[in-house]
Amino acid sequence: MGFERRIVPDFEVIVCAPEESFRWNVHDYPHHLAKWHYHPEFELHLIQASAGEMMIGDYVGAFEAGSLVLTGSGVPHNWVSRIQPGERVPNRDMLIQFSPDFAEKVAGLCPEFDAVGELFEDAKRGIEFSGATAEAGRRLLRSIGAARGAQRLLMFLELMTVLARNPSERRTLSRAAPSPGQQTRSSEKIETAISYILEHSAQPIRLTQLSALCGMEATAFSRFFKKQTGHTFARYVNCMRVHAACNLLANSDMPITDICFEVGFNNIANFNRQFVKICGRSPSAYRRDARRIGTTTRIEVLAEARL
């Protein structure tokens with residue numbers, strides 16, 4: 001049980017697409033983000049292939065294909081597959097990640113969701129599911145990947161209610177919940193960097209400025225930022241600017257050229273290129289789609305009406 005005490009978990013930054021309430025993802029193993037780490041987001045994690053050892057908080061135990069685990073905000077976790085050197089496991093991990101704010105909205109949506117609130121409370125120590133609950137959870141998690149828009153959200157709500165329905169088919173893993181406010185030097189540095197980017201994303205941001213703010217040399221900071229967030233510095237800044245542009249495109253009549261400069265891009269060609277790379281469509285197509293389907297999800301409307 002000493003593994004997690006000797007190795008400090010890395011802080012990972014989760015970037016959710018601007019039109020999504022939660023992030024769904026699949027990745028191979030090994031993967032640069034498959035490591036001992038933590039993040040503020042809840043995570044429902046399915047192992048689709050291979051077996052090995054999982055570390056959830058202070059728990060260390062075996063996993064096999066089909067293992068389904070929910071971790072709460074700040075719970076360190078990792079799954080290490082027993083594979084041969086050079087072997088690769090395609091699509092080993094399937095997962096969804098969602099913020100504590102979104103979890104609170106879901107749990108407080110209506111009295112019928114009280115059991116979901118209890119599920120999220122138990123997730124502070126990590127939960128592994130079994131039996132019919134795990135089987136239904138795996139099926140729904142896989143189906144969400146192909147869903148879009150309101151259907152995707154409704155399937156998420158169904159998934160959470162299924163996982164919350166039968167407490168006898170889940171077990172908590174870690175003996176202790178993470179301590180709020182406990183930070184490592186690495187997490188303090190990355191949070192300092194991200195806070196600065198969020199506050200100044202509409203202005204020119206230089207890597208040398210940020211590295212100095214964190215007390216690091218620029219080259220070392222660049223490697224550190226990629227290791228902690230999974231994104232290069234430039235990619236992360238572009239993501240923040242594009243996400244800000246999505247909000248303006250959906251909720252204002254500001255011309256696209258004005259939005260380009262408002263969020264921090266210095267030319268329209270680069271803005272269009274980065275927008276398509278991150279959102280998979282042009283700014284004008286995003287605005288058209290957002291106005292057709294609406295950008296505020298049903299759950300957000302209901303949650304706001306309840307407050």
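Scan region 236-258 for residues that are touching a Leu at 6+ places or on another chain (Cβ under 8 Å) and not in a loop (DSSP other than H, G, I, E, B) and the total you get is 2.
Right, L153: assigned by TED's automatic domain parsing to the domain that holds M54, within 18 Å of the chain's Cα centre (by Cα) and either crowded, with 17+ Cβ neighbours inside 10 Å or modelled with pLDDT under 95 (or both) or not? When the stated conditions are applied, L153 passes them. Restricting attention to region 65-88, and to residues there that are β-branched (V, I, T) and at pLDDT 95 or above, which single residue is surrounded by the most Cβ atoms within 10 Å (Cβ to Cβ)? Per the stated criteria, the residue is T71. Are any of the residues in region 120-140 touching a strand residue (DSSP E or B) at 6+ places or on another chain (Cβ under 7 Å) and surrounded by fewer than 13 Cβ atoms within 10 Å (Cβ to Cβ)? No, because not a single residue in region 120-140 is touching a strand residue (DSSP E or B) at 6+ places or on another chain (Cβ under 7 Å) and surrounded by fewer than 13 Cβ atoms within 10 Å (Cβ to Cβ).
Would region 215-226 turn up any residue that is over 29 Å from H39 (Cα atoms) and either modelled with pLDDT under 90 or not aliphatic (A, V, I, L, M) (or both)? For region 215-226, residues over 29 Å from H39 (Cα atoms) and either modelled with pLDDT under 90 or not aliphatic (A, V, I, L, M) (or both): absent.
Screening G57 against (1) out of contact with any Leu (no Cβ under 7 Å at 6 or more places or on another chain); (2) on the phi > 0 side of the Ramachandran plot; (3) not aromatic (F, W, Y) leaves a single unmet condition, (1). Looking across F265, F261, one residue alone is modelled with pLDDT of 90 or more, surrounded by 12 or more Cβ atoms within 10 Å (Cβ to Cβ) and outside any helix (DSSP H, G or I). It is F265.
Screening L109 with (1) part of a helix (DSSP H, G or I); (2) at pLDDT below 95; (3) closer than 27 Å to A146 by Cβ gives one miss only, at (1). Looking across region 89-117 at every residue that is surrounded by fewer than 20 Cβ atoms within 10 Å (Cβ to Cβ) and of a type in the set (D, E), the one that is nearest to D28 (Cα to Cα) is identified as D101.
Taking (1) in a helix (DSSP H, G or I); (2) of a type in the set (F, W, Y); (3) over 30 Å from A250 (Cβ atoms) in turn, W79 satisfies each apart from (1).
Pairs meeting the criteria (first residue in region 203-231 and assigned to a loop (DSSP other than H, G, I, E, B), second residue crowded, with 16+ Cβ neighbours inside 10 Å and among the charged types (D, E, K, R), beta carbons under 7 Å, at least 6 apart or on different chains) are C214/K189; G230/E12. In the set (1) surrounded by fewer than 18 Cβ atoms within 10 Å (Cβ to Cβ); (2) assigned to a loop (DSSP other than H, G, I, E, B); (3) aliphatic (A, V, I, L, M), the condition left unmet by V60 is number (2).
For residues that are in contact with a Ser or Thr (Cβ under 9 Å, 6 or more places away or on another chain) and within 12 Å of E12 (Cα to Cα), scanning just region 186-226, find the one that is surrounded by the most Cβ atoms within 10 Å (Cβ to Cβ). Ranking the candidates gives F225 first. Among all residues of region 24-36, there is none that is within 19 Å of D101 (Cα to Cα), part of a loop (DSSP other than H, G, I, E, B), in the same structural domain as L153 (by TED's automatic domain parsing) and within 9 Å of the chain's Cα centre (by Cα).
Scanning region 167-193 for residues that are in a helix (DSSP H, G or I), modelled with pLDDT under 80 and either over 21 Å from H77 (Cα atoms) or not polar (S, T, N, Q) (or both) turns up R185, E188, I190, E191.
The values are calculated or read from the model by the stated rules, or taken from the named source; none is laboratory data. Bear in mind the structure is a predicted one, so any value in this text is a computation, not a measurement. Note: ideal-geometry Cβ built from the backbone for every residue, glycine included; neighbour counts use all protein chains shown.
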